[in-house]
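Down below is the structure, laid out as structure tokens.
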Amino acid sequence: MKKIFYFLTIITLFTSCDERAISTVEKIDQEGLKKVIAPSQKKIKVINFWATWCAPCVEELPYFEDLGYAYRDEVEVILISLDEAKNIDSAVQPFLNENKIKSTVLLLDDPYAAEWIPIVDEHWDGAIPVTMIVSKDKKQFYNKALTQEQLEDAINTFL
Amino acid sequence: MKTLKILVTILVGALTIVILSGMLESTKRENLFAEKPIPNQEQVDRQEAREMNALKGYQIGDSATDFSLKNIDGSIVSLKNFEDAKGFVIIFTCNHCPYSVAYEDRIIAIDKKYKNLGYPVIAINPNNPKEYPTDSFEAMKVRAKEKGFTFPYLIDRGQKIYPQYGATKTPHVYLLQKEGDQNIVKYIGAIDDNYQDASAVKNKFLENALQSLISGKAIATTTSPAIGCRIK
């Protein structure tokens, strides 16, 4: 009986692939944002701006989740929520739990969008969803919602 | 030998359950996210063409197109019908977007104040209700009534107008001034710089632009980055 139990445990571990823990949302300000979007020497950063209430954002989240897991050695996916900070406990964290979101999730707690939109990218029109990919020597800005294929193609130009 | 047989049977059974439940889990997960039909290539091309147009859009000083769009009261609204207006505050906005909702009271206040000074608000919902069901024509009527909109709330049926303006999100403001028979774009961007808290606004971009137009001065800030929900 004991043997079967061990065997089952091993099988279960094998079949559930993405073993990363569900993320806990963390608040950042404009200074934090500047650090997040700065290139890293170690990994390619895939940064997506989203919100729990934004349907096209929510639609593309699984693509980022898959990408972050598949390329976990080369890529860091960072999901920056533009939900209001007062909704962290009522909406954002419950959303992450329910949808088992495992990428890094930050919440930009700053309503003065006109100040930080140009910091993120001069080509950003301020609409979400929006995505950018930053490596140590390259930056690409995608001012639109992405399909899974488009995201794959995008990351392939960096790898 | 018999024990081994039983053991193997149990193992195979358990394995099947585990794999099946794993599959169930992954199907469930996919379903959590909004389902969307796969668009055919023609639609994709059209969408991309639209995005290209949207990228161009109007610059400050361009002449903006007039339109004939259906208002929530059933009437058809065109800029040419406002003979006494000196200009227009065109705001692409909608029901579903929290940024738009956050600005509703401020839009009403701006309309009340500046309509009398010759610059009425014209709100246009640019979204396809198939993408956002709460942006349907019926839902627009309901929301306008609830909030007591004092301005026309038009639907961009067929989505022909917003790409010409170059609107990409809601809310997205185009301030126009009549010059002869043309409507010239004077300001593009946000209403102000704090959607969360009207009392903590640092820059009233739109009102400052309106004040400048009314007093015949040059507008100091003619464009501003505006946060919003992508038009779909």
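Per residue of B:190-202, count partner chain C-beta atoms within 10 Å of its C-beta, then hand back the mean as an integer.
3
Taking the charge dipole of the stretch A:98-159 about its Cα centre, with +1 at Lys and Arg Cβ atoms and -1 at Asp and Glu Cβ atoms, the residue from A:Thr157, A:Pro111, A:Pro129 reaching farthest to the positive side is A:Thr157.
Interface size between chain A and chain B, please: total buried accessible area, 1.4 Å probe, rounded to the nearest 100 Å². Chain pair A/B: roughly 3200 Å² of buried accessible area. Counting only residues at least eight positions apart within a chain, or on another chain, the lysines with an alpha carbon under 22 Å from that of A:Lys136 are A:Lys34, A:Lys35, A:Lys42, A:Lys43, A:Lys45. The GluC sites (Glu not before Pro) of the stretch A:91-137 that meet both conditions, a loop assignment by DSSP and at most 14 other Cβ atoms within 10 Å of the site Cβ, are A:Glu122. Counted over chain A, the DSSP beta bridges are approximately 40% antiparallel. Computed from phi, the 3J(HN,Hα) profile of the stretch A:140-157 under the Karplus parametrisation 6.51, -1.76, 1.60 (θ = phi - 60°) reads 10, 10, 10, 7, 6, 6, 10, 7, 4, 5, 4, 5, 4, 4, 4, 5, 5, 6 Hz, with x in place of Gly and Pro. Normalising the average separation of contacting C-alpha pairs (under 8 angstrom, six or more residues apart) by the number of residues puts the relative contact order of the stretch A:20-156 at 36 percent. Our summary of shape: the Cα atoms of the stretch B:59-230 have principal axis extents of 42, 38, 27 Å, ordered from largest down, in whole angstrom. Partnerless cysteines in chain A, where a partner means another cysteine C-beta under 4.7 angstrom, comprise A:Cys17.
Restricting the stretch B:106-160 to chymotrypsin sites (Phe, Trp or Tyr not before Pro) that sit in a DSSP loop and have at most 11 other Cβ atoms within 10 Å of their own Cβ leaves nothing. For peptide A:122-132, the mean count of partner chain Cβ atoms within 10 Å of a residue's Cβ comes to 5.
What is the magnitude of the charge dipole of the stretch A:20-156 about its Cα centre, with +1 placed on the Cβ of each Lys and Arg, -1 on the Cβ of each Asp and Glu, and no other charges, expressed in debye to the nearest 20? Before the final figure, lay out each step's value.
Details: 15 positive and 24 negative charges, 97 e Å.
Using Cβ point charges on Lys, Arg, Asp and Glu, the stretch A:20-156 gives about 460 debye.
Compute the Cα gyration tensor for the stretch A:75-159, then decide on rounded, prolate or oblate, letting a ≥ b ≥ c be the square roots of its eigenvalues: rounded whenever a/c is under 1.5, prolate when a/b is larger than b/c in the other cases, and oblate in all that remain. It comes out oblate by the Cα gyration axes. Note on B:218-227: average number of Cβ atoms from other chains within 10 Å of each residue's Cβ is 4. The C-alpha atoms of chain A define a longest principal axis, and helix A:2-15 lies at about 30 degrees to it. Considering only the Cα atoms of the stretch A:20-156, their convex hull presents on average a projected area of 7.6 nm².
The values are calculated or read from the model by the stated rules, or taken from the named source; none is laboratory data. Everything numeric here is computed off the predicted structure, so don't read it as measured data. When we count neighbours, we look across all protein chains shown, and the Cβ atoms used for this are built from the backbone with ideal geometry, even at glycine. These area figures cover heavy atoms from the full protein model, side chains too; ligands, DNA and RNA do not enter into them. Shrake-Rupley method; radii C 1.70, N 1.55, O 1.52, S 1.80 Å.
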